Amino acid sequence: MSRPARVDITESSPRDGLQSLGVFIPTESKIALIDDLSMAGLASFDAVSFVSPTAVPQMADAADVIAGVARSDVFLSGLVPNLRGLESALAAEVDGIGVLTAASDTFSERNINADVEESMRRIRSILDEVPSGIRVRAYVSTITHCPYEGPTDAGRVAVLAERLAEWGCDEIFLGETLGKGTVGDVERVLAGVLDRVPVSRLGVHFHDTYGQALANVVLSLDAGIDKLDSSAGGLGGCPYAPGAAGNVATEDVMWLLGGLGIEHDGHIEQVASVAARFCSDHHLQYRSRAGEAVLAAAEVEA
Ligand code: HMG
Ligand code: MG
């Protein structure tokens with residue numbers, strides 16, 4: 001057992017949490033979500049994506065969101081699917097970018113109009129243009145299941161992750177896009193990836209559709225992984241993964257990490273309170289068991 005002493009949480013609610021919503025969340029509300037969560041102690045955000053506004057209308061105001069964030073000491077990252085996205089991200093002065101590939105050709109085609117090999121060529125072209133000082137995170141999505149092709153090949157995940165590491169991506173994040181994989185599925189993926197990529201460069205991104213995400217977080221911690229994405233209130237989904245629920249809730253992860261004595265950013269009660277208010281204001285379901293419990297306990301105490 002080699003659990004990390006500290007885990008870096010990237011808060012994904014502003015991007016993954018909102019991207020699939022049918023109703024447009026006003027730019028000021030997106031900015032307020034980031035500002036309020038940063039006041040609750042979170043320091044790193046998967047904030048926006050620089051993608052086609054036809055494909056993902058919710059992210060059409062990405063540059064304005066980045067420009068509007070009040071605090072200068074938070075890390076703001078934007079997803080970039082191609083060179084045009086990179087150009088927009090740099091103009092918006094993000095701190096980091098996320099590039100995209102997947103273990104499934106069909107998902108990748110639906111997601112970014114490129115099969116896996118083409119997505120890797122796009123990543124290569126983006127890496128050739130990224131200025132130093134911009135942190136690059138590469139996502140390998142559909143690590144266990146594809147919404148269109150079914151179970152995916154753990155070996156393919158490992159090969160892609162290794163190439164991305166060799167190309168110099170700072171972090172390789174394994175995305176369980178559909179939220180279906182059990183500990184057994186994720187164990188197979190991690191075994192292959194950890195053979196090829198140093199654990200210090202790996203992170204995980206679990207959706208929680210089948211209630212497996214927290215168990216997969218524990219598995220990842222046990223493997224020594226110290227970076228993860230989570231989403232306050234369990235917000236999230238992917239427009240190209242129909243039926244996928246949100247990311248593992250930040251509050252649930254915080255409760256877990258607190259119990260394990262693992263250091264992390266953020267205050268659970270404050271995060272829960274911000275996310276519950278955001279969900280209530282925008283008629284969204286608040287989905288964090290730990291968050292609900294913490295807020296209920298605080299009410300009893302008050
Ligand atoms: P393409 O094939 O290179 O695009 O990329 P194209 O050149 O054929 O252009 C198609 C249209 O998009 C054109 O507009 C372009 O102007 C426009 P039209 O003439 O049709 O009106 N366009 C852009 N607009 C703004 N910014 C850009 C850009 N590039 C082209 N950068 C593209 C197609 C990738 C752009 C498109 O498929 C797209 O935007 N897809 C959305 C991808 C996305 O946001 N997916 C969700 C995030 S991924 C995710 O959630 C998974 C993750 O959470 C991990 C996990 O859960 O596993 C990260
Ligand atoms: Mg996702």
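The values are calculated or read from the model by the stated rules, or taken from the named source; none is laboratory data. Here the structure is a predicted model, which is why all the values come from computation and not from measurement. As a convention, Cβ positions derive from the backbone with ideal geometry for all residues, glycine included, and neighbour counts pool all protein chains shown.
Do you know which residues across the stretch 67-98 are modelled with pLDDT of 95 or more and closer than 19 Å to residue 9 by Cα? Hits for the stretch 67-98 are 69, 74, 75, 76, 77, 78, 79, 94, 95, 96, 97, 98.
Considering (1) buried (at least 24 other Cβ atoms within 10 Å of the Cβ); (2) touching a Cys at 6+ places or on another chain (Cβ under 6 Å); (3) not in a helix (DSSP H, G or I), the lone condition that residue 286 does not fulfil carries the number (1). A single member of 251, 299, 292 is of a type in the set (Asp, Glu), surrounded by fewer than 18 Cβ atoms within 10 Å (Cβ to Cβ), part of a helix (DSSP H, G or I) and modelled with pLDDT of 95 or more, and it is 292. Check whether at least one residue in the stretch 206-214 is loosely packed, with under 15 Cβ neighbours inside 10 Å, without any contact (Cβ under 8 Å) to a residue 12 or more places away in the chain and assigned to a helix (DSSP H, G or I), and report yes or no. The answer is no; no qualifying residue exists. Identify all residues within the stretch 9-43 that are out of contact with any Gly (no Cβ under 6 Å at 6 or more places or on another chain), within 16 Å of ligand 2 (Cβ to nearest atom) and of a type in the set (Gly, Ala, Ser); write none if there are none. If the condition is that a residue be out of contact with any Gly (no Cβ under 6 Å at 6 or more places or on another chain), within 16 Å of ligand 2 (Cβ to nearest atom) and of a type in the set (Gly, Ala, Ser), then 12, 13 are the ones that fit. State whether the residues of the stretch 167-177 include one that is outside any strand (DSSP E or B) and more than 26 Å from residue 231 (Cα to Cα). Checked against the condition, which is being outside any strand (DSSP E or B) and more than 26 Å from residue 231 (Cα to Cα), the stretch 167-177 yields at least one hit. Surrounded by fewer than 24 Cβ atoms within 10 Å (Cβ to Cβ) and not in a loop (DSSP other than H, G, I, E, B): does that describe residue 276? Taking the combined requirement at face value, the residue satisfies it.
Of the residues making up the stretch 1-19, those that are among the acidic types (Asp, Glu) and either within 11 Å of ligand 1 (Cβ to nearest atom) or surrounded by fewer than 24 Cβ atoms within 10 Å (Cβ to Cβ) (or both) number 2. Restricting attention to the stretch 101-119, the residues being in contact with a helix residue (DSSP H, G or I) (Cβ under 7 Å, 6 or more places away or on another chain) and either within 16 Å of ligand 2 (Cβ to nearest atom) or hydrophobic (A, V, I, L, M, F, W, C) (or both) number 8. Of the candidates 45, 24, 50, the single residue that is under 24 Å from residue 129 (Cα atoms), free of Cβ contacts under 8 Å to residues at least 40 places away in the same chain and of a type in the set (Phe, Trp, Tyr) is 45.
Yes/no matrix, rows are residues, columns are (1) near ligand 1 (Cβ under 8 Å from one of its atoms); (2) surrounded by fewer than 15 Cβ atoms within 10 Å (Cβ to Cβ):
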position: 40; (1), (2): no, no
position: 51; (1), (2): yes, no
position: 55; (1), (2): yes, no
position: 68; (1), (2): no, no
position: 82; (1), (2): yes, no
position: 88; (1), (2): yes, no
position: 102; (1), (2): yes, no
position: 119; (1), (2): no, no
position: 129; (1), (2): no, yes
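Within the stretch 271-291, residues that are more than 16 Å from residue 11 (Cα to Cα) and touching a residue at least 40 places away in the same chain (Cβ under 8 Å) reach partners that are β-branched (Val, Ile, Thr) and assigned to a helix (DSSP H, G or I) with beta carbons closer than 8 Å, at six or more positions or on different chains, in the pairs 290/268.
For the stretch 215-228, which residues satisfy the criterion of being more than 21 Å from residue 14 (Cα to Cα) and either more than 16 Å from ligand 2 (Cβ to nearest atom) or not in a helix (DSSP H, G or I) (or both)? Selection gives 215, 218, 219, 221, 222, 223, 224, 225, 226.
The set of residues in the stretch 229-247 being away from ligand 2 (no atom under 12 Å from the Cβ), on the phi < 0 side of the Ramachandran plot and not in a loop (DSSP other than H, G, I, E, B) consists of 232 alone. For the stretch 20-36, the count of residues that are buried (at least 24 other Cβ atoms within 10 Å of the Cβ), assigned to a loop (DSSP other than H, G, I, E, B) and within 15 Å of the chain's Cα centre (by Cα) is zero. Only a single criterion out of (1) more than 30 Å from residue 145 (Cβ to Cβ); (2) within 16 Å of ligand 2 (Cβ to nearest atom) is not satisfied by residue 98, namely (1). Note on the stretch 178-190: residues that are in contact (Cβ under 8 Å) with a residue 12 or more places away in the chain and assigned to a helix (DSSP H, G or I) total 7.
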